[in-house]
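> I have a structure I would like to understand better, so I am pasting it below and will then ask my questions one at a time.
The values are calculated or read from the model by the stated rules, or taken from the named source; none is laboratory data. The model shown is predicted, which means the values in this text are computed figures rather than measured ones. Cβ coordinates were reconstructed from backbone atoms using ideal geometry, including for glycine residues, and neighbour counts include every protein chain displayed. Calculation scope for accessible area: heavy atoms of the full protein, side chains included, ligands and nucleic acids excluded. Shrake-Rupley method; radii C 1.70, N 1.55, O 1.52, S 1.80 Å.
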Amino acid sequence: MKKIVILISGRGSNLRAILQAQRLKAWQADIVQVITNRPQAVGIEVANEFGIPVTILDHQSFISRQEFDAELLKKTQAFNPDLVILAGFMRILSADFVNFFNGRLMNVHPSLLPSFPGLKTHSAAIAMGVKWHGATVHFVTHAMDVGPIIAQGVVPVLPEDTEETLSQRVLEIEHIIYPQALEWFIRDQLHLDQGNVRVVPAQQQFFQLPITP
Ligand code: GRF
């Protein structure tokens, strides 16, 4: 049984998608803990609904970033996870954290990396006039929003889109690709080949939502 810890900061829609997939597919995995840096995170209710214990580590109650980082690493290590999943975790992880969980740390980013790293990806995509946007699941390395890409999903950008409508559409594809990437990991199907992630036996690593006219 692989042990998984999920880190969240907010609404927890990816957390829900992962927990639903786990229920549906009976993965050989145990989601042992959700850790959040925000005591008010809506995702805490999602974890409760699925009976997953939650650790709250309010970053504001620490006197320094270093102290919070050290505690986050200690708390996460204590669960001895095979995989740590970032699902809308809005803190930059320390180098120690990234090193310790190297190859066992996954993130979903709401853009087609390497386009639009960082925040506000949907408004940036609209401002650039791109016609495709999407989401990326990747292993986390030291640089932000860089790291071996596991899966990507595209969605169209429609002329009338706002940040809200586009982000909703991107979320739909996130909820497909993140559980899928996780399932590959659980089944030991992810292989790193010179910095590129391959699924073995081979499977499509790109996804698309139906295009609405
Ligand atoms: C998602 O858009 C994800 O791509 C980004 O943060 C957001 C989290 O949403 N990293 P949720 O908390 O999973 O609903």
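> Report yes if MET106 is surrounded by fewer than 17 Cβ atoms within 10 Å (Cβ to Cβ) and among the aliphatic types (A, V, I, L, M), otherwise no. Write out each step before concluding.
Numbers: surrounded by fewer than 17 Cβ atoms within 10 Å (Cβ to Cβ): no; among the aliphatic types (A, V, I, L, M): yes.
So MET106 does not fit the description; no.
> For residues in segment 158-198 being of a type in the set (Asp, Glu) and part of a helix (DSSP H, G or I), which is farthest from the ligand (Cβ to nearest atom)? If you could, list the steps in order and put the result at the bottom.
Initially, segment 158-198 is screened for residues of a type in the set (Asp, Glu), giving 160-161, 163-164, 172, 174, 183, 188, 193.
Applying the additional criterion that residues be part of a helix (DSSP H, G or I) yields 163-164, 172, 174, 183.
Values: GLU163: 12, GLU164: 12, GLU172: 11, GLU174: 5, GLU183: 17 Å.
Looking at residues that are of a type in the set (Asp, Glu) and part of a helix (DSSP H, G or I), I get GLU183.
> Test of understanding: among HIS59, HIS122, HIS133, which residue is free of Cβ contacts under 8 Å to residues at least 40 places away in the same chain and either within 11 Å of the ligand (Cβ to nearest atom) or under 19 Å from ARG11 (Cβ atoms) (or both)?
Unique residue meeting the criteria: HIS59.
> Name the single residue that is nearest to the chain's Cα centre (by Cα) among those in segment 97-119 being within 22 Å of GLN180 (Cα to Cα) and away from the ligand (no atom under 16 Å from the Cβ).
Per the stated criteria, the residue is ARG104.
> In segment 65-96, which residues are more than 16 Å from the ligand (Cβ to nearest atom), within 27 Å of GLU174 (Cβ to Cβ) and either at pLDDT below 95 or hydroxyl-bearing (Ser, Thr, Tyr) (or both)?
THR76, SER94, listed by residue number.
> Among the residues of segment 117-138, count how many are under 18 Å from LEU86 (Cα atoms), crowded, with 21+ Cβ neighbours inside 10 Å and among the hydrophobic types (A, V, I, L, M, F, W, C).
2
> Between residues in segment 1-22 that are farther than 15 Å from PRO110 by Cα and without any contact (Cβ under 8 Å) to a residue 60 or more places away in the chain and residues that are open to solvent by 40 Å² or more (accessible area, probe 1.4 Å) and more than 11 Å from the ligand (Cβ to nearest atom), which pairs lie under 8 Å by C-beta distance while being six or more apart or on different chains?
MET1/GLN28; MET1/ASP30
> Being without any contact (Cβ under 8 Å) to a residue 60 or more places away in the chain and among the acidic types (Asp, Glu) is true for just one of GLU160, GLU174. Which residue is that? Reasoning before the result, please.
Working: GLU174 fails: without any contact (Cβ under 8 Å) to a residue 60 or more places away in the chain.
Of the residues listed, the single one that is without any contact (Cβ under 8 Å) to a residue 60 or more places away in the chain and among the acidic types (Asp, Glu) is GLU160.
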